[in-house]
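Only the coordinates and a few stated rules stand behind these numbers; no lab work does. Here the structure is a predicted model, which is why all the values come from computation and not from measurement. Virtual Cβ from ideal backbone geometry, glycine too; neighbours counted across all protein chains shown.
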Amino acid sequence: MEKEYILDEGAFLVSETDDKGIILFANDDFCDIAGYKKEELLGKNHNIVRHRDMPKAAFRDLWDTVKSGKTWTGFVKNSRKGGGFYWVYATVYPMINCGGAKTGYMSCRRMATRDEISRAEALYKTMS
């Protein structure tokens, strides 16, 4: 059985990617909780933390939403480098520069409650 890592209530994970999902920035909370050093994350695809239980349809919805210029919110189960997993409530949005050009994506994540996780698990079981 995989070990679940429970985020502290004050944890706030932040990452920035380019339009292909390559990590350009990762804050300390993200590094600590995911179990990686910053140097191990920068330049890697954000799916380095994707958990195998997450349905492809959830990420398809995320990418379709942010590529259309809108903000996506939802619950995500991620893997930790040393094994185990953690759940987050994520907000992902396209970053637009002053000239109106999309420069990449920002993801901000916080602790998900037990009730939120239960609802997300039930929903994800219905998706492929």
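Which of D64, D29 comes first, and how do the rest follow, when ranked by fewest Cβ neighbours within 10 Å? Can you show the working numbers first?
Values: D64 11, D29 18.
So the ranking, lowest neighbour count to highest, is D64, D29.
Quick one: angle between helix 114-124 and the longest Cα principal axis of the chain, in degrees between 0 and 90, rounded to 10, please.
Between the helix axis and the principal axis of the chain, the angle is about 70 degrees.
Going by how many other beta carbons lie within 10 Å of each one, how would you line up E40, E4, fewest first? The partial results should precede the final answer.
Working: E40 15, E4 12.
Fewest to most other Cβ atoms nearby, the residues stand as E4, E40.
Below 22 Å, Cα to Cα, which lysines can K77 reach? Residues fewer than 8 away in the same chain don't count.
K3, K20, K37, K38, K44, K56, K67, K125
Contact order normalised by length for the chain, with contacts defined as Cα pairs under 8 Å and 6 or more residues apart; what percent is it? Could the numbers behind the result be given before it?
Values: 237 pairs, mean separation 37.5, N = 128.
Relative contact order here is 29 percent.
With N denoting the number of residues in the chain, provide Rg(C-alpha) divided by 2.2 N^0.38 Å, to two decimal places.
This ratio for the chain stands at 1.02.
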